[in-house]
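Let me begin by presenting the structure, written as structure tokens, before commenting on it.
The values are calculated or read from the model by the stated rules, or taken from the named source; none is laboratory data. The structure presented is a predicted model; accordingly, all values stated were derived computationally and were not measured. Positions of Cβ are backbone-derived with ideal geometry, glycine not excepted, and every protein chain shown enters the neighbour counts.
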Amino acid sequence: MQPMNRSTILSRLKEEARSCLAFLPLEKTVSSIMKAKPTWPALRIGDLVAPAPIVQGGMGVGISLSSLASAVANAGGIGVIAANGIGLLEPDYYEDGQAANLRAFRREIRAARQKTKGVIGVNIMVAVNDFHQLLDVAIEEMVDIVFLGAGLPIKNIPVEALRKAKVKLAPIVSSSRAVDMIFRMWKKLYNDVPDAVVFEGPKAGGHLGFTEEQLEDPAYQLKAIVPQIVETLKPYEEEEGRKIPLIAGGGIYSGKDIHQTLSLGASAVQMATRFVATDECDADRRFKEAYVTCKKEDIGLIKSPVGMPGRAIRNSFITDSEEGKRPAFRCAWKCLASCKAQDANYCISIALNNARRGLLKSGFVFAGSNAYRIKKIVPVQTLVSELEGGYAKAVESKIARLLAKLETLKTEYVQTQQLMHELAKRYEEALLTMNNAAHSLKQQYTKAALKVETLRLGMAQTLASTSHILA
Ligand SMILES: Cc1cc2nc3c(=O)[nH]c(=O)nc-3n(C[C@H](O)[C@H](O)[C@H](O)COP(=O)(O)O)c2cc1C
């Protein structure tokens with residue numbers, strides 16, 4: 001089959017679908033193909049609709065605030081403000097860290113609301129000491145959705161207040177076991193379940209919910225875990241009578257990656273790294289430029305003071321601290337109970353805040369495994385349009401492959417059908433003339449008839465999968 005250009009591919013598919021109607025009982029499939037466009041599906045979480053199936057991953061200590069979140073929401077995705085370390089933006093953080101966090105968090109949510117009518121979410125770490133107070137602010141400000149990571153949101157979740165304020169909730173997990181545990185416990189404690197789930201895979205930036213050994217293991221990658229979580233969610237979806245979308249992320253770079261992830265069963269992707277290199281990202285330009293200039297080998301792991309591995313652009317600050325150098329720092333208020341800043345030689349919030357301000361020698365930049373592929377800083381809308389174009393192209397090339405398969409099946413089908421008619425005629429003649437080839441002709445006819453049925457099934461399946469891709 002000749003390669004097709006983008007504009008002809010859909011009309012070609014429609015033509016094929018129509019022609020197959022003549023010999024396949026496929027009215028429903030064909031009518032859905034006729035209506036189809038290779039655009040990406042909207043992300044629906046209950047009554048919440050984001051036209052683009054993209055959640056911008058929350059990036060703490062001031063990387064994703066109102067500017068980035070509102071730009072993503074305006075481009076059709078879910079924009080997310082990260083609560084973690086947000087008080088470091090305030091002048092009085094060292095006097096009252098918690099009050100500074102809550103004030104800055106509320107202010108950023110309100111600022112985002114001023115700039116967009118799109119979907120705004122927040123990211124809160126379960127493990128921080130002011131988790132409940134931050135969650136209360138999110139509920140009071142009626143954000144659209146809260147994403148809760150760095151711990152399992154099981155106990156003492158104000159489910160009633162969330163429902164009353166129409167705030168959706170999605171836990172961030174790194175295994176299907178965690179999903180099972182959260183959903184089972186929620187049913188028991190609240191007779192309710194979360195509205196969506198985010199799976200953050202091992203290629204992500206920032207803190208990672210995996211051991212170093214698991215990070216490269218195929219058993220922990222998106223391809224393996226996404227279908228497992230989809231299965232885990234099924235009984236809950238049936239029981240609740242609603243879709244519980246899975247949002248998967250970690251290393252997603254292109255529209256093609258989005259298409260692949262959605263093909264695994266996810267309803268949307270979570271992306272963070274690519275949104276750093278945008279005009280609207282809230283970090284200093286030097287932070288963003290670190291992404292543009294880094295090389296593949298610069299991206300590596302750190303042993304974070306919070307007790308988890310983290311992915312970052314490795315620099316002299318990291319190597320110095322690994323060698324025992326200890327910049328003087330003051331812990332403002334032990335924001336995280338499990339923090340081992342003394343052992344790690346630095347406070348991660350201060351290091352990340354320095355990087356956010358562009359002071360890269362006094363801190364470091366968290367980044368996903370694909371940061372080195374970024375070549376320039378662009379507006380968020382440009383990035384989202386590029387991703388959407390890449391997605392459409394991926395759909396179209398998959399359809400082109402299926403059309404080629406369909407064409408082969410169709411040719412074989414027509415030929416085998418002709419052979420079948422011929423064998424039937426010869427068999428009848430052999431019967432009339434008492435020719436002893438009759439028995440063998442009958443066997444050949446049965447074989448051809450069976451093949452025709454198999455080919456017909458193959459064509460039906462191929463067409464159905466094109467309509468599935470477009471659904
Ligand atoms: C700079 C940076 C900061 C991050 N901070 C947080 C955070 O505060 N909370 C969180 O849940 N995830 C955080 N993440 C993870 C992202 O939200 C996202 O899930 C992940 O990076 C997706 O992978 P990608 O960056 O390859 O797209 C951070 C990631 C980056 C790159």
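Restricting to segment 201-221, name every residue that is more than 10 Å from SER175 (Cβ to Cβ) and within 14 Å of the ligand (Cβ to nearest atom). Matches in segment 201-221: GLY201, PRO202, LYS203, ALA204, GLY205, GLY206, HIS207, LEU208, LEU215, GLN221. Within segment 284-317, the set of residues being touching a strand residue (DSSP E or B) at 6+ places or on another chain (Cβ under 9 Å), of a type in the set (S, T, N, Q) and either more than 20 Å from ILE374 (Cβ to Cβ) or buried (at least 21 other Cβ atoms within 10 Å of the Cβ) (or both) comprises SER304 only.
To keep it simple, each residue is scored yes or no on (1) modelled with pLDDT under 95; (2) out of contact with any helix residue (DSSP H, G or I) (no Cβ under 6 Å at 6 or more places or on another chain); (3) not assigned by TED's automatic domain parsing to the domain that holds LEU148.
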{"site": "PHE199", "(1), (2), (3)": "no, no, no"}
{"site": "HIS207", "(1), (2), (3)": "yes, yes, no"}
{"site": "THR211", "(1), (2), (3)": "yes, yes, no"}
{"site": "GLU216", "(1), (2), (3)": "yes, yes, no"}
{"site": "TYR220", "(1), (2), (3)": "no, no, no"}
{"site": "VAL226", "(1), (2), (3)": "no, yes, no"}
{"site": "ILE229", "(1), (2), (3)": "no, no, no"}
{"site": "LEU233", "(1), (2), (3)": "no, yes, no"}
{"site": "TYR236", "(1), (2), (3)": "no, no, no"}
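Say we look at segment 121-150 and pick out the residues that are assigned to a loop (DSSP other than H, G, I, E, B) and touching a helix residue (DSSP H, G or I) at 6+ places or on another chain (Cβ under 8 Å); which of these is farthest from VAL72 (Cα to Cα)? It comes out as ASN129. Scanning segment 63-77 for residues that are buried (at least 24 other Cβ atoms within 10 Å of the Cβ) and more than 10 Å from the ligand (Cβ to nearest atom) yields LEU65, LEU68, ALA69, SER70, ALA71, VAL72, ALA73, ALA75, GLY77. Would you confirm, using the coordinates I've provided, whether LYS410 is under 30 Å from ALA272 (Cβ atoms) and buried (at least 17 other Cβ atoms within 10 Å of the Cβ)? No; evaluated as a whole, the condition is false for this residue. Of the residues that make up segment 134-145, is at least one closer than 25 Å to VAL365 by Cβ and free of Cβ contacts under 8 Å to residues at least 40 places away in the same chain? No, that holds for no residue. Taking the conditions exactly as written (within 26 Å of LEU359 (Cβ to Cβ), at pLDDT 95 or above and either within 15 Å of the ligand (Cβ to nearest atom) or of a type outside the set (Asp, Glu) (or both)), does MET142 satisfy them or not? In short, no. Restricting segment 145-159 to residues that are at negative phi and surrounded by fewer than 22 Cβ atoms within 10 Å (Cβ to Cβ), which is nearest to the ligand (Cβ to nearest atom)? Step by step, filter segment 145-159, then rank; the result is LEU152. Scan segment 391-448 for residues that are charged (D, E, K, R) and over 23 Å from LEU463 (Cβ atoms) and the total you get is 7. Scanning segment 257-281 for residues that are in contact with a Lys or Arg (Cβ under 8 Å, 6 or more places away or on another chain), within 11 Å of the ligand (Cβ to nearest atom) and not in a helix (DSSP H, G or I) returns ALA277, CYS281. One residue stands out among those in segment 358-389 that are part of a helix (DSSP H, G or I) and buried (at least 17 other Cβ atoms within 10 Å of the Cβ): the one that is farthest from the ligand (Cβ to nearest atom), which is GLU388.
Residues checked against (1) at pLDDT below 95; (2) crowded, with 22+ Cβ neighbours inside 10 Å; (3) under 26 Å from the mean Cα position of the chain (by Cα):
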site	(1), (2), (3)
GLY79	no, yes, yes
ILE86	no, yes, yes
GLN98	yes, no, no
ARG110	no, no, no
VAL128	yes, yes, yes
HIS132	no, no, no
ALA161	no, no, no
ALA170	no, yes, yes
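Picking from residues in segment 197-253 that are in a loop (DSSP other than H, G, I, E, B) and of a type in the set (Ser, Thr, Tyr), the one that is surrounded by the most Cβ atoms within 10 Å (Cβ to Cβ) is TYR253. Is it true that some residue in segment 328-345 is within 14 Å of the ligand (Cβ to nearest atom) and under 27 Å from GLY209 (Cα atoms)? Yes, that holds for at least one residue. Return a yes/no flag: does segment 126-138 have any residue that is under 27 Å from PRO227 (Cα atoms) and either within 16 Å of the ligand (Cβ to nearest atom) or not β-branched (Val, Ile, Thr) (or both). There is at least one residue in segment 126-138 that is under 27 Å from PRO227 (Cα atoms) and either within 16 Å of the ligand (Cβ to nearest atom) or not β-branched (Val, Ile, Thr) (or both).
Being within 13 Å of the ligand (Cβ to nearest atom), outside any loop (DSSP other than H, G, I, E, B) and in contact with a Ser or Thr (Cβ under 9 Å, 6 or more places away or on another chain) is a condition met by no residue of segment 163-186.
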